[in-house]
Amino acid sequence: MTNSELFELLTSKSGGFSLPVLITLTDGKTELNYVNARNNIVFNGKTYKAEVFQFSANADVLGFFGGGTLEIARTIDVVSLLEQNDTITIKINGVLYNGEVVELYGYTSRYCKAVFAKSTVKITMEKDDRLSMTFPATVFTAANNQGNA
């Protein structure tokens, strides 16, 4: 099964089943790994804890991950990670298909908004077309960047 076929199954709005998804929420120091399955799964040397969550992806936009929505149980770990950081990274690492984990690449979002409900946290991920670009702290003007002004 190709990555595009898996992505179609993962994002299918119709049908009677969904594939278990392996996700990571991280702030660079703390890493929370979850799978929406009945049992914990070890993948690439990391244990993914069984947790209740739902992930739905938006369609790709010009080849970039189009964002999506992650609704996860409101655990103390998730709440602490969100409350203690301005930014977190959410990675969709793979899906469990026929008893094996199929790794997915390029499904990462650093730009999201979290809304807390009574028993869940709904995280809306924006499309990430900025990739790994960083921007300088200095604002360029005609005075400090005469070559391009």
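Tell me, in nm to one decimal, what length is gained between K46 and Y111 on full extension, where the rule is 0.36 nm per residue of separation less the Cα-Cα distance? The partial results should precede the final answer.
Working: separation 65, 0.36 × 65 = 23.40 nm, distance 2.43 nm.
Fully extending the segment from K46 to Y111 adds 21.0 nm.
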Residues with amide H under 5 Å from that of G94, placed H, sequence gap 5 or more
L22, L104
Residue-by-residue Karplus 3J(HN,Hα) for region 79-90, coefficients 6.51, -1.76, 1.60, Hz, glycine and proline x:
4, 4, 4, 6, 6, 8, 9, 7, 9, 9, 10, 10
Under 12 Å, Cβ to Cβ, from T26 - net charge with Lys/Arg +1 and Asp/Glu -1
+1
Amide hydrogen neighbours beyond the local backbone of Y111, cut-off 5 Å, H modeled:
E126
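What order do you get for 110-117, 93-100, 30-37 when each peptide is scored by the mean count of other beta carbon atoms within 10 Å, highest first?
Order by mean packing, descending: 30-37, 93-100, 110-117.
No value in this document is a laboratory result; all are computed from the given coordinates. Everything numeric in this text was worked out from a predicted model, so none of it was measured. Counting neighbours? That spans all protein chains shown, and the Cβs are built from the backbone with ideal geometry, glycine included.
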